[in-house]
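Only the coordinates and a few stated rules stand behind these numbers; no lab work does. These figures come from a predicted structure and were not determined experimentally. Using ideal geometry, Cβ is built from the backbone for each residue, glycine included, and neighbour counts are taken over all protein chains shown.
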Amino acid sequence: MRPGFWTIVGILAWAILIGLLVVPLGSVLLSSLQDASGNVTFANYVRFIETPRFRTAFVNTLIVGFGGLVGSLVLGGIMAFCMARIEIRGSRLVSLFAILALVSPPFIGAYSWIVLFGSGGLVRQTLMSWGIFIPPIFGLWGILIVFSFKFYPYVYLLTSGALGNINRSLEEAAESLGMTPFRRVMAISFPLVLPALSAGGLLALIHSIADFGTPRLIGRGFSVLATEAYTLYSAEVGSNLSMATTISIVLIFLSMLFVFGQRYMSRRNVYHGNLINKPVKRKLTGFPNVVAHVAVYFIALAGAMPAIIAAIYSIRRTSGPVFHPGFGLDSYRRILYNLAGAVQNSLLFSFAVVALVVTVGTLIGCLVARRQTVNSALLDSTLMVPYVMPGIVVGIAFVAAFNAPPVALTGTALIIILSIFIRRLPYSVRSSASALRQVSPSMEEAAISLGYSPVQAFMKVTVPLILPGIIAGGMLSFVTAINELSSSLVLYVGGTATMPVRIYIAINDGDYGTAAALSTVLLVLSGTAIYAAFRLMGRDERALL
Amino acid sequence: MTYLTVENATKIYSEKVRALDGVSIAVERDEFFTLLGPSGCGKTTLLRSIAGFSDLTEGRIALAGARLDPIPSHKRDIGMVFQDYAVFPHLTVGENVAFGLKARRVPAPETAARVAEALATVRLVDYKARLPAALSGGQQQRIGLARAMVIRPKLLLMDEPLSNLDAKLRVDLRDEIRDIQKTVGIAAIYVTHDQEEALAISDRICVMNAGRVEQIGTPQEIYANPQTIFVATFVGTMNTLPREAAPHLGMTEPAASVHTWAIRPEHIRLARAEADAGRVRIEGTVEKYTYLGREAHILVETAAAKLVAQIADPAPGLSFSAGSPVALAFRREDVLAFDRQGARVPAGAA
C-alpha cells in the first residue's frame, strides 16, 4: 500500500548491510586469502593450522567458551530455579545485582577480581596472613571464574522467565500420575525450559569466545583467538593484518557454528503453553531455606562484586598508581583534568549511535514485522551476522575495509560510531519488530477505514503505541554503546579514545584509581539509562539480553 | 439499481490458491447481508477487498454506481468493525469514537454532539473518559461499532465481530447490532462462520465455500431450500444417505442424476400409528439417546443408514436404551436430492 516508502526502506537496509557488513567481511576474507604481495593463497590458513601458538589459542578459545558456558549454566540455573520457585527475601535486590553484573564491562570484572585475588590481592593477602594459601587468580581458572560470574545472568534471566511460565497444571498432572518430584523436574520442567537454557547458554558461549578484555588482563599469557588477533593487529613491529583477519574468519565461523548448533538443537522445542495456572513460589523453612538463600546471595554478590569494588576504589585516595589509606575524590579530579575528552567522546558517540540505531532499527523492524516477503526474511537472517561477530573482528574488518580511499575512515569518530551501530542494529531491529507485533495490524486498518491515509494511520496509531518500547530500546542501546571496548580499541586514535578504552589503558598502566573512577562513571550512566528504560516499559530484566 | 455490486471478484495468491474465484454479489441499500462459510472460504478476503485492504486479481466493485477499485481505502467512506475490536488502547472511549471525525475535520461542537449520540446508541455514555483497557470485550466491540457508525459511512463492514465474545453476550450484541443497522438504515456486510448467527441477523445470506458462492438467499431459503449439498450440511444439521438408500426412503424411481439424499433431523420423528398417514416409515434400533433440554436427539441404526431424529420438547421421563427397536417416520417431500457434483436435483417419482 505504501510501496514507494517501504521499498526505499528496504533498499536503505540493504545498503547499510552491504556497506557496513558485507564489504568489511569481504575485506577480511580477501585479506585472509592474500599473501604479502597480494596473491591469492591459503597460506595464512595453513599457517594457522601449522603454528602451535595459533593451535593453542584455538583450543584455549574452545576451553574458555565451553568453560564459560558450563559455569554460566550452573550458576544461572541455580539462580533461576531458586528465584522462580522459592521465596527469596530481597529478590528485587538480587535481580538488581544480576543487572549490575550484566552491564559492568567484563574487563572491570577481571580487574576487580585481580584486586581481591591477584598476587597482592586484598583477600588473598588476608588469607595468607591467616596461613591459608590460595594461588593468585591469573590464568585459565581466573578467566573461567570471571566469565561464569559475568555471563550467568544470560542463563538466569531467560530460564527464570521460562520457569515462571510453565503451567502449574502440567507439573500437577505429572504428580497425579505418580511421578516423584525429581522425576517430575527431569521429565516435565527440564524439557520445557531447555530452549531458554540453551539460548542463555549460547549467549554466554558466544560472549566468552568473543571477549577480549578478560583474557588479556587476567589470562597472563593464556592466549585466545581474540587476544591473538588483537596482538597480531596491534604489534608495533611486524603487524600482520592478513594473519589477524585469518583468525577473525575462524572466530566468526566458530560463533556461527554455535548459533546454528543451538538453533538445530532447539528446533523442535517450541512450546506454547497457556498460563491459566501460574506456578507459585514455595516458602522453604529451616536448613534448605538457608542453603537456597546462601547460594542465591553468594552468586549475586560475586557477580556484582566488580561493580561494587570499582565504586569503592574510585573514592580511595591515590597518588598515581598507589592507593593511600582513607578516602578522597582524587581519581575523579584526575578524570576531570585529564580524561574529560574520553567522557565527552563516549557520550557523543553513544548518543550518535542511539540516534542512528533507533531510527534505522525501527524502520527495518517495521519492514521485517509487517511485510512478510522473501526480502524481509532474508534481511532478518542477514542481521544475525553482526549479532554474533566478536567486537575485535568488527574492528579489524572496519580497518581492512575503510583504511584506504575511496573510503578512508580510520582514525575518525565516524568509524567508531558505525562499528558500534552495526553491532547494535540487530537488537534494535528485533526489539522494534517485536514491539510492532504486539500491535494488531487491524489497529492501523481501523484508522485507515476511518479516513486516515496509511502514513497518517501509522503515525497516529502505531507510533504512539510502540514509542515507549522504542525509547526503552534506545536506552538499552545506549548502555551497550557506552560500554563497548573491543572494536573501539582497534579503531581508536588518541583523539577518539572512549571511556572503556581509557579504562583498559589505565588498568594496563596500573592506574587503578582512574580505572575505578571511570568505571563508576560508566556504571552510573548505564544505571540511569536502564532505570529510565524500566520506567518506560515496566521492569523486564530480559530486555537487557 | 443495486447499491453495492461485486462482479467476478477473483483473488489468486498462487497457482493453486484461489482465495476468491469469480464471486459476484449485489447488496441493496438498507440491507443486512451476511457472508457465511467455514474458515478459509474467502469471506474475509472479499470483505477486505471491499474495504480496500486487499486488492483483487480480477473483478470490479462498485458502490452507489461509482467504481470503488481506484479509490484508496481511506477515502472510501466505509466503516469497519474488527474481530479483535482494534480499539485504540492509548485513547479514551470518547477519543476513539471521535477519531474518524477528526480526520474529516468536523467542527468541535458537532463532533461532541455526534460522539455523545453514538455513545448513547451503544449505551456507553458513562464510559466516555475511560481507557478501553478497563472495559469488557463486549463493551470494546460496542466502541468499535460506535466508532465506525459515527462517521456516517456509506457502508458498514463487520468481520466476525462477535466471535471473541461469550455465548450469552453474543446473542445480546447481535440483536443490538441488528437494531442499530435498521434504525440508521445503512447497508451492512457481515462476515461470520456461525450459521445460527447468520440466520438470526441477516436479510440475506451468501454461503461461500472454497472461494465460490454456493447460494445467496434469505435465511428461510438458505435453510429450507438449500441448492447445494454444502449449504444443506453447513447450515443446520443434516442426515445424508447414499443413492442406494432410495427404497427405504420411499423413492421407488429416483431420478438418474441423484447421488445423495438428505433430510433434516427435525423432519424425522418417532412413528405414531395414528398420525402417520402419508409418511414413510423406517425401522431400526436405538444406538444413542441425547437429552438437550428443549430437544433430544436419537441416533437410530436403520437398514438405510444411521439417522438422527429430533424430538421436540422431550418429556423428562422419556428414555431409550441402546439396542431397543424403534420406528421413525418422515414425509417424502422433506427428503432432498443432490447430484454427484453436489447440486440440488429433483428427487424423481415416488
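Pairwise alpha-carbon distances in region A:308-400 exceed 20 Å for 64% of all pairs. Residue by residue along B:85-91, Cβ atoms of other protein chains within 10 Å of the local Cβ number 6 on average. Dipole size of chain B about its Cα centre, with +1 on Lys/Arg Cβ and -1 on Asp/Glu Cβ: approximately 900 debye, rounded to the nearest 20. In straight Cα distance, which lysines are under 16 Å from B:LYS288, not counting same-chain residues fewer than 8 positions off? Those lysines meeting the cut-off are B:LYS306. Only Cα sites of chain B enter the Debye sum here, all with the same form factor; the resulting log10 I(q)/I(0) across q = 0.07, 0.10, 0.14 1/Å is -0.40, -0.73, -1.10, listed in q order.
At R0 = 41 Å, how high is the FRET efficiency between B:ALA327 and B:ARG104 if r is their beta carbon distance? Nearest 0.05 is fine.
Approximately 0.05, to the nearest 0.05.
Within region A:1-89, list the trypsin sites (Lys or Arg not before Pro) lying in a DSSP loop whose Cβ has at most 13 other Cβ atoms in a 10 Å radius.
The qualifying sites are A:ARG89.
On alpha-carbon atoms, Rg over Rh for region A:362-471 using Kirkwood Rh?
Details: Rg = 17.8 Å, Rh = 16.0 Å.
With Rg and the Kirkwood Rh in hand, the quotient comes to 1.11.
Note: relative contact order over chain B, using C-alpha pairs below 8 Å and six or more positions apart, is 16 percent.
Divided by 2.2 N^0.38 Å, where N counts the residues, the Cα radius of gyration of chain A comes to 1.01.
Across all C-alpha atoms in region B:67-164, the radius of gyration and Dmax reach 13.2, 41 Å.
Restricting to Cα pairs below 8 Å that are 6+ residues apart, what does the relative contact order work out to for chain A? Please round to a whole percent.
It rounds to 21 percent for chain A.
Note on the protein assembly as shown: dipole from Cβ charges, positive end direction compared against A:SER95, A:LEU383, A:LEU197; the farthest Cα belongs to A:SER95. Distance between the modelled labels on A:ILE8 and A:SER234, one decimal in nanometres: 4.2 nm (7 Å Cα→Cβ projection). A crude spin-label estimate for the pair A:TYR531 and B:HIS297, with each label 7 Å from Cα along the Cβ direction, gives 6.4 nm.
Calculate, for A:THR51 and B:HIS90, the FRET efficiency according to 1/(1 + (r/R0)^6) with r their C-beta to C-beta distance and R0 56 Å; round to the nearest 0.05.
Working: r = 61 Å, r/R0 = 1.09.
Rounded to the nearest 0.05, the efficiency is 0.35.
Mean partner shielding of peptide B:72-84, defined as the number of other chain Cβ atoms within 10 Å of each residue Cβ, is 5.
Place a +1 charge on the Cβ of each Lys and Arg in region B:196-331 and a -1 charge on the Cβ of each Asp and Glu, then give the dipole magnitude about the Cα centre in debye, rounded to the nearest 20.
140 debye
Remark: region A:19-173 projects, on average over all directions, an area of 16.3 nm² (convex hull of Cα atoms).
Say a site is exposed when it is one of the chymotrypsin sites (Phe, Trp or Tyr not before Pro), sits in a DSSP loop, and has at most 11 other Cβ atoms within 10 Å; what is then the longest site-free stretch of chain A?
That gives A:134-545 as the longest site-free run.
Give, rounded to the nearest 20 debye, the magnitude of the charge dipole that the protein assembly as shown has about its Cα centre when Lys and Arg contribute +1 at Cβ and Asp and Glu contribute -1 at Cβ. Please report the intermediate quantities before stating the final value.
Numbers: 77 positive and 59 negative charges, 415 e Å.
Here the size comes out at about 2000 debye.
Using the Cβ-Cβ distance between A:MET186 and B:ALA116 with R0 set to 60 Å, the FRET efficiency from 1/(1 + (r/R0)^6) comes to roughly 0.45. Projecting the Cα atoms of A:PHE458, A:ILE482, A:PRO406 onto the charge dipole of region A:387-538, computed from C-beta unit charges around the Cα centre, puts A:PHE458 farthest toward the positive end. For the listed residue pairs A:LYS150/A:LYS283; A:LYS460/B:LYS102; B:LYS43/B:LYS102; A:LYS460/B:LYS128; B:LYS128/B:LYS168, the alpha carbons are over 22 angstrom apart in A:LYS150/A:LYS283; B:LYS43/B:LYS102; B:LYS128/B:LYS168.
Extent along the principal axes, Cα only, for region B:161-248: 52, 26, 23 Å, with the longest axis given first.
Both numbers refer to the Cα atoms of region B:196-324; Rg and Dmax are 16.6, 49 Å. Return one number: the angle in degrees, 0 to 90 and rounded to the nearest 10, between the long axis of the Cα atoms of helix B:167-184 and the longest principal axis of the Cα atoms of chain B. Approximately 60 degrees, to the nearest ten. Stretching the chain fully between B:ALA133 and B:VAL171 yields a gain of 11.4 nm (0.36 nm per residue, less the alpha carbon separation). Look at the dipole of region A:1-150 built from charges on Cβ: of A:VAL28, A:LEU144, A:ILE8, the Cα furthest out on the positive end belongs to A:LEU144.
Mean partner shielding of peptide A:450-460, defined as the number of other chain Cβ atoms within 10 Å of each residue Cβ, is 5. Full extension of the segment from B:VAL184 to B:ARG29, taken as 0.36 nm per residue of separation minus the current Cα-Cα distance, would add 54.7 nm.
Distance between the modelled labels on B:LYS75 and A:ALA355, one decimal in nanometres: 3.7 nm (7 Å Cα→Cβ projection). Percent of Cα pairs in region A:352-399 per distance bin of 10 Å, from zero to the largest separation: 23, 41, 31, 5.
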